[in-house]
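Quick notes on the structure that follows.
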């Protein structure tokens, strides 16, 4: 379904974000694609962006999740709540990039 999140697990050194950005530009427009590199202080930014994307139907790519593994259960909980609250017409895609 169009509102289901996508999980992309990649090998170290691989980065499909450029292709994903191009796909988003063709599909929903560049202004509706958001990308956050996780690390120091980005958890709150990522959650706020996830909530906004779930409401607006935007796409979100979270990169470098290996830096915040202790935070992943919260991401799963909030992400599930956001996806479940989305109306069928919205096109949320949350892309989680794990390397």
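Against the definition (surrounded by 12 or more Cβ atoms within 10 Å (Cβ to Cβ), in contact with a strand residue (DSSP E or B) (Cβ under 8 Å, 6 or more places away or on another chain) and modelled with pLDDT of 85 or more), how does residue 36 come out, yes or no? Steps first, please.
Numbers: surrounded by 12 or more Cβ atoms within 10 Å (Cβ to Cβ): yes; in contact with a strand residue (DSSP E or B) (Cβ under 8 Å, 6 or more places away or on another chain): yes; modelled with pLDDT of 85 or more: yes.
The answer is yes for residue 36.
Mind counting the residues in the range 69-95 that are closer than 17 Å to residue 11 by Cα, touching a strand residue (DSSP E or B) at 6+ places or on another chain (Cβ under 9 Å) and at pLDDT 55 or above?
Taking the range 69-95 as the starting set, the residues that turn out to be closer than 17 Å to residue 11 by Cα are 69, 95.
With touching a strand residue (DSSP E or B) at 6+ places or on another chain (Cβ under 9 Å) added as a condition, the list becomes 95.
The next check asks that each one be at pLDDT 55 or above; those that pass are none.
Number of matching residues: 0.
The values are calculated or read from the model by the stated rules, or taken from the named source; none is laboratory data. Computed from a prediction, not measured in an experiment: that's the story for all the values here. Positions of Cβ are backbone-derived with ideal geometry, glycine not excepted, and every protein chain shown enters the neighbour counts.
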